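Here is the structure we will look at.
Laboratory data are not the source of any read-out in this text; all were calculated from the coordinates shown. Just so we're clear, the structure is a prediction, and the values are computed from it rather than from any experiment. Here Cβ is always computed from backbone atoms with ideal geometry, including for glycine, and neighbour counts include all displayed protein chains.
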Amino acid sequence: MAYILAIASSPSHPSRTYSILQYASNFLEQQGLQTDIISVRDLPAEDLVYGRYDSPALDESRAQLEKANGVIISTPVYKAAYTGVLKAFLDLLPQKALSGKIVLPVATGGTIAHLLSIEYALKPVLSELGARHILSTVYAVDKQIQLQADGSLQLDAELEQRLQDVLSEYAQVVKHFQSFTKELARIG
Ligand SMILES: Cc1cc2nc3c(=O)[nH]c(=O)nc-3n(C[C@H](O)[C@H](O)[C@H](O)COP(=O)(O)O)c2cc1C
């Protein structure tokens, strides 16, 4: 079964981006994919700040990433870019950690004006990490995402449809890519 790792990178809790990942994870599992979500805020802050490449606390995340066929990288827009904690985490990954993975960026922001921040800020970093297959970004603004007091998520209809369309395509691409790489390995 194809495996998707979703990375949440808001320092806040509750978090709109984290909730979108939960939605995405449920949706993808219904499409027959296995998923996990890791939240960078759960990793030891000192390891991130001091750039401890050898931190054992990162071993599990690195192992999950290594076996993933697809990676969803989510971030709130902070100061017209991605969050600092996301960069601190990405800096601790191996040089080509995203090589051979299908990557889907997901971002939320207070304003649509920063939609392109993912293109000019995040995508070059993903590319440096070896990502060569990056699907189109899902970008949502705060007013489209309502977090209810009971923790449930209410998405604006346009966003929900767009998210479902992108996730359906993502599931297909990841499954095909996994079959393709398996076949390549088989024929040597
Ligand atoms: C420190 C900080 C900086 C922010 N900078 C921007 C920004 O430059 N552009 C923008 O559109 N939204 C900005 N926002 C708004 C967040 O991107 C937005 O509220 C997002 O949905 C929060 O996601 P979260 O609930 O997952 O943390 C900023 C929020 C914070 C806390």
Filter the stretch 30-44 for residues that are exposed (fewer than 13 other Cβ atoms within 10 Å of the Cβ) and in a helix (DSSP H, G or I); the one that is nearest to the ligand (Cβ to nearest atom) is ASP42
Over the stretch 65-86, the set of residues surrounded by fewer than 17 Cβ atoms within 10 Å (Cβ to Cβ), within 22 Å of LEU28 (Cβ to Cβ) and of a type outside the set (Asp, Glu) is LYS67
Filter the stretch 1-22 for residues that are under 21 Å from LYS101 (Cβ atoms) and part of a helix (DSSP H, G or I); the one that is nearest to the ligand (Cβ to nearest atom) is THR17
Answer with yes or no whether ASP47 is touching a helix residue (DSSP H, G or I) at 6+ places or on another chain (Cβ under 7 Å), part of a helix (DSSP H, G or I), away from the ligand (no atom under 16 Å from the Cβ) and charged (D, E, K, R). yes
Flagged in the stretch 84-118 as within 13 Å of the chain's Cα centre (by Cα) and in contact (Cβ under 8 Å) with a residue 60 or more places away in the chain, in numbering order, are LEU86, PHE89, ILE102, LEU104, VAL106, ALA107, THR108
